[in-house]
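As structure tokens, the structure follows; a few thoughts come after it.
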Amino acid sequence: MPLIGFHASHEQISPAQLLLDVQHAESAGFQAAMCSDHFEPWSPSQGHAGYAWTWLGAALATTELRFGVVTAPGQRYHPAITAQATATLSAMFPERFWAALGSGQNMNERITGDPWPEKAVRQQRLEECVDVIRRLHAGEEVTHRGLVTVERARLWDLPEVPPSLIAPVMSVETARRAATWADGLITTNQDADTLRKLLGAYREEGGRGKAVLQVHLSWADSDDDADDLAYGQWCTNSVGPPLTWDTATAQDFVELAERKEISREQVRQAVNVSSDTARHAQWLHEYGELGFDELYLHHVGQDQHAFIDTFGKEVLPQLRGV
């Protein structure tokens, strides 16, 4: 079965509490962790957006887990800064850190005041950034002029092994394109046919490395409570791309979800909702059978304690056959 990790949701939990949560997850048997790098949550009710890079240093220093982060170089971050941040963490914590480099969301990147480019331009900008970051990780002095500009940049502290740079993908087209540059792919839980096509497209184009799945789930003592939790916390996240890429603020997401009249059934398409831990274990087993190497469990509630304990005792052993 795949490695089972814990998703640390900066958008829903304060950084100090999230550090305690990831330490708790390690003690409960989770094997790794990941997070996303946001400036704003998807709704005011989620209510948080700590700085992922500061938190990652603390989390790596106080656990033995391997960590990943989903981030977007090119607008909010100059690629040389992303290269420096990723190189420093990898030098301090060898072979325990990876980064998924995406084209970004307007809600995080708009703070620079620069125009929000169309998807094709963002994708080209990302690929330029990946090239710059890889060259800097290789020890080169880099000058680059294109959608991003780099002038004689060089990193002075390099890890012995550069961090893996993997691609967040949500479509077959993006998966095929990512195969040309990525060390792996990450996506979120969708229907089995879509996930099979994404993985197939990536591998058919020569895509290398691990396949990672972030699994949104909601668990509680009853199905009704799990359903209420999922709808209350993840309704605004169930709108789907391209609107999620282009919407500007947390409040805009709320208004968009109201206009779209997002239903509980639509949320259940984005979140695995059940009070039955055996059902959750079955879902995770099925994802593994599709070919995913690592599964990161994101319980969409803001209180992680009971989830970590319960899944540590009842779900992780089922997946490991012990």
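The values are calculated or read from the model by the stated rules, or taken from the named source; none is laboratory data. Because the structure is predicted, anything quoted here is derived from the model rather than measured. Here Cβ is always computed from backbone atoms with ideal geometry, including for glycine, and neighbour counts include all displayed protein chains. Accessible surface areas use protein heavy atoms only, side chains included; no ligands, DNA or RNA. Shrake-Rupley method; radii C 1.70, N 1.55, O 1.52, S 1.80 Å.
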Have a look at Val172, Val142 and point out the one that is among the hydrophobic types (A, V, I, L, M, F, W, C) and surrounded by fewer than 19 Cβ atoms within 10 Å (Cβ to Cβ). Val172
Helices (runs of 4 or more DSSP H) wholly in region 241-322 with at least 2 residues that are more than 26 Å from Thr194 (Cβ to Cβ) - which ones? 250-260, 305-314, 316-320
Any chance region 312-321 includes a residue that's open to solvent by 20 Å² or more (accessible area, probe 1.4 Å) and in contact with a helix residue (DSSP H, G or I) (Cβ under 6 Å, 6 or more places away or on another chain)? yes
In region 145-165, what count of residues is obtained for those that are buried (at least 18 other Cβ atoms within 10 Å of the Cβ), in contact with a Lys or Arg (Cβ under 8 Å, 6 or more places away or on another chain) and under 20 Å from Gln75 (Cβ atoms)? 2
If you go through region 176-183 one residue at a time, do you hit one that is over 21 Å from Cys35 (Cα atoms), without any contact (Cβ under 8 Å) to a residue 40 or more places away in the chain and either in contact with a Leu (Cβ under 7 Å, 6 or more places away or on another chain) or open to solvent by less than 10 Å² (accessible area, probe 1.4 Å) (or both)? yes
Looking only at residues in region 195-251 that are of a type in the set (Asp, Glu) and without any contact (Cβ under 8 Å) to a residue 12 or more places away in the chain, which one is nearest to Asp183 (Cα to Cα)? Asp228
Could you please find all residues in region 249-284 being within 19 Å of Ser45 (Cα to Cα) and open to solvent by less than 30 Å² (accessible area, probe 1.4 Å)? Ala250, Phe253, Leu256, Ala257, Ile262, Val267, Ala270, Val271
Sole miss for Arg152 among (1) closer than 24 Å to Gln105 by Cα; (2) free of Cβ contacts under 8 Å to residues at least 24 places away in the same chain is condition (1)
Given (1) out of contact with any helix residue (DSSP H, G or I) (no Cβ under 7 Å at 6 or more places or on another chain); (2) open to solvent by 50 Å² or more (accessible area, probe 1.4 Å), number of the condition Arg125 does not satisfy: (2)
Name the pairs whose Cβ atoms lie under 8 Å apart, with the first residue in region 65-92 and at positive phi, the second open to solvent by 10 Å² or more (accessible area, probe 1.4 Å) and acidic (Asp, Glu), and 6 or more positions between them or separate chains? Gly74/Glu128
For the structure I just gave you, tell me whether Arg134 is farther than 19 Å from Cys35 by Cβ, surrounded by 20 or more Cβ atoms within 10 Å (Cβ to Cβ), among the basic types (Lys, Arg) and in contact (Cβ under 8 Å) with a residue 12 or more places away in the chain. no
Picked from region 204-227 (must be touching a helix residue (DSSP H, G or I) at 6+ places or on another chain (Cβ under 9 Å) and not in a loop (DSSP other than H, G, I, E, B)), the residue farthest from Ile133 (Cα to Cα) is Asp227
Applying the selection to region 228-237, what residues are farther than 19 Å from Thr310 by Cβ and either part of a loop (DSSP other than H, G, I, E, B) or open to solvent by 20 Å² or more (accessible area, probe 1.4 Å) (or both)? Tyr231, Gly232, Cys235, Asn237
